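Reviewing the structure listed below.
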Amino acid sequence: MTTVGETILLVDDMPANLEMLIQELIKNNYRVLIAETGKFALECVRYAPVDIILLDVILSDMDGFEICRQFKANPALQNVPVLFISALD
């Protein structure tokens, strides 16, 4: 029996990036929540606890650094690690 591991919030607006990351994370038994916009990511963490956040630096609606500031302003998320991801060179 395989158990599901930690919950990761994946925030990215590029379908190709999402597909690749989701496949790898699920293959390694992580539970994956997906947000394609910064606004949805901020809503998502209000209702679903996460263990780690993978956050794109550039999203269509918000800057990743601003989203991170808002995450860290939330006492429930202050100790949740945020890893920035980017497809930029």
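Structure notes:
- Out of Leu25, Leu33, Leu42, Leu9, one residue alone is of a type in the set (A, V, I, L, M) and farther than 15 Å from Leu83 by Cβ. It is Leu42.
- In the stretch 30-89, the qualifying residues are those that are over 17 Å from Met14 (Cα atoms) and aromatic (Phe, Trp, Tyr), and the one that is surrounded by the fewest Cβ atoms within 10 Å (Cβ to Cβ) is Tyr47.
- The residue of the stretch 1-29 that is least open to solvent (accessible area, probe 1.4 Å), among those that are farther than 24 Å from Pro75 by Cβ and among the acidic types (Asp, Glu), is Asp12.
- The stretch 30-76, residues that are at pLDDT 95 or above, outside any helix (DSSP H, G or I) and not acidic (Asp, Glu): Tyr30, Arg31, Val32, Leu33, Ile34, Ala35, Thr37, Val50, Ile52, Ile53, Leu54, Leu55
The values are calculated or read from the model by the stated rules, or taken from the named source; none is laboratory data. Only a predicted model underlies this, so the values are computations on that prediction, with no experimental measurement involved. All Cβ positions, glycine included, derive from the backbone under ideal geometry; neighbour counts span all protein chains shown. Calculation scope for accessible area: heavy atoms of the full protein, side chains included, ligands and nucleic acids excluded. Shrake-Rupley method; radii C 1.70, N 1.55, O 1.52, S 1.80 Å.
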